[in-house]
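Student: Got a structure for you, written out below as structure tokens; questions coming shortly.
The values are calculated or read from the model by the stated rules, or taken from the named source; none is laboratory data. Since we're looking at a predicted model, the values are computed, not measured. Here the Cβ is made from the backbone with ideal geometry for all residues, glycine too, and neighbour counts use every protein chain on show. When the accessible area is computed, the model is the full protein with side chains, heavy atoms only, and any ligands, DNA or RNA have been set aside. Shrake-Rupley method; radii C 1.70, N 1.55, O 1.52, S 1.80 Å.
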Amino acid sequence: MTAGEAPEAIPVDPALYPDVADTGGLVSALYREASGQGLELGPLVAGAQPGALVRAKAVTGRGTFLVAADRDTERAFDITVWAPGVHLGTGSTGDLAAAAAAVHDWQSGRPVGEMAAAWPFIDFDRLAEAHVEGRAVITAWRLMRERDPGVRLADPELTEAAYAEPRLRVLFPFPTHGGLQFSGTTRDPYTHDMPSIEPLRDGWRVRGADASTLGDVPTAAAAVALVVAHLPDGCGPAVEGRLPEG
């Protein structure tokens with residue numbers, strides 16, 4: 001390959017993906033499958049070279065839906081979904097028709113929660129839709145209080161005690177090993193400037209932002225009160241997303 005020459009596209013494996021090979025690439029195959037279902041797909045972008053024949057991206061205002069057909073031992077259409085600054089989900093299916101319908105749903109703006117129910121082969125983050133719509137704090141607390149198995153959970157007594165405190169309820173909760181940390185942002189990188197709570201055998205330990213021990217207390221309510229007493233001035237509500245650069 002000479003300087004300035006584009007690398008050769010990776011061809012699709014016709015043995016695993018005959019429907020893709022027959023149309024000359026994944027983009028064309030998705031369009032044909034959607035048409036057969038009476039669906040119209042918006043613009044699809046072929047993956048960057050190399051791999052243009054085996055990748056297709058549906059880019060919308062809320063993020064990107066990528067489909068890849070590049071397995072070499074088994075047939076599978078691998079799916080990755082992301083929005084600016086947040087990973088939304090991954091999955092795979094051997095059914096090209098299902099992949100095409102999922103692309104259509106993404107482009108048409110179907111809510112992520114509905115897509116998760118319709119396409120169980122895509123493992124969506126339970127907070128994905130909330131991140132996209134700017135309500136991650138409210139949703140994170142709700143899922144924790146409902147003991148949703150799809151999210152990380154803190155001790156239930158501690159969860160309720162923290163939620164009952166207005167200054168903590170507006171922060172993004174980050175459960176870890178039964179305890180709780182709090183962030184001023186809803187997306188990584190999270191802030192680490194607030195006290196946190198961790199469980200003890202017979203109570204709770206509250207640590208400062210510098211990991212020093214602020215106190216060991218017998219109840220979740222006392223731990224929450226100690227956190228509130230050591231919150232930095234002006235913290236909260238949490239920023240939906242990341243802190244602005246600069």
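Student: Give me the pairs: first residue in region 209-236 and closer than 20 Å to residue 154 by Cα and of a type in the set (S, T, N, Q), second residue modelled with pLDDT of 95 or more and open to solvent by less than 70 Å² (accessible area, probe 1.4 Å), beta-carbon distance under 9 Å, and six or more apart or on different chains, which are they?
Tutor: Partner pairs satisfying both residue conditions: 213/205; 213/206; 213/207; 219/161; 219/203; 219/204.
Quick grid of which residues meet (1) among the aliphatic types (A, V, I, L, M); (2) outside any loop (DSSP other than H, G, I, E, B); (3) under 27 Å from the mean Cα position of the chain (by Cα); (4) closer than 23 Å to residue 142 by Cβ:
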{"residue": "167", "(1), (2), (3), (4)": "no, yes, yes, yes"}
{"residue": "173", "(1), (2), (3), (4)": "no, yes, yes, yes"}
{"residue": "180", "(1), (2), (3), (4)": "yes, yes, yes, yes"}
{"residue": "190", "(1), (2), (3), (4)": "no, no, yes, yes"}
{"residue": "197", "(1), (2), (3), (4)": "yes, yes, yes, yes"}
{"residue": "209", "(1), (2), (3), (4)": "yes, no, yes, no"}
{"residue": "228", "(1), (2), (3), (4)": "yes, yes, no, yes"}
{"residue": "235", "(1), (2), (3), (4)": "no, no, yes, yes"}
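Student: Now, a different point. Could you please let me know if residue 165 is modelled with pLDDT of 95 or more, open to solvent by 60 Å² or more (accessible area, probe 1.4 Å) and touching a helix residue (DSSP H, G or I) at 6+ places or on another chain (Cβ under 6 Å)?
Tutor: No.
Student: Next up: Restricting region 68-82 to residues that are hydrophobic (A, V, I, L, M, F, W, C) and at pLDDT 95 or above, which is nearest to the chain's Cα centre (by Cα)?
Tutor: 79
Student: Looking at this structure, is residue 146 free of Cβ contacts under 8 Å to residues at least 12 places away in the same chain and closer than 21 Å to residue 42 by Cα?
Tutor: Judged against the criteria, residue 146 is not a match.
Student: Continuing with this model, one more query. Would you mind finding the one in 125, 148 that is modelled with pLDDT under 95 and touching a Gly at 6+ places or on another chain (Cβ under 7 Å)?
Tutor: The conditions single out 125.
Student: Within region 182-197, identify whether any single residue is open to solvent by less than 60 Å² (accessible area, probe 1.4 Å), in contact (Cβ under 8 Å) with a residue 60 or more places away in the chain and not acidic (Asp, Glu), and answer yes or no.
Tutor: Yes, because at least one residue in region 182-197 is open to solvent by less than 60 Å² (accessible area, probe 1.4 Å), in contact (Cβ under 8 Å) with a residue 60 or more places away in the chain and not acidic (Asp, Glu).
Student: While we're here: Of the residues that sit in region 120-146 and are of a type in the set (D, E, K, R) and farther than 16 Å from residue 220 by Cβ, which one is least open to solvent (accessible area, probe 1.4 Å)?
Tutor: Going through the qualifying residues, I end up with 129.
Student: Anything in region 66-88 that is part of a loop (DSSP other than H, G, I, E, B) and either open to solvent by 40 Å² or more (accessible area, probe 1.4 Å) or touching a Lys or Arg at 6+ places or on another chain (Cβ under 9 Å) (or both)? List them, or say none.
Tutor: Result: 69, 70, 71, 72, 73, 74, 75, 84, 85.
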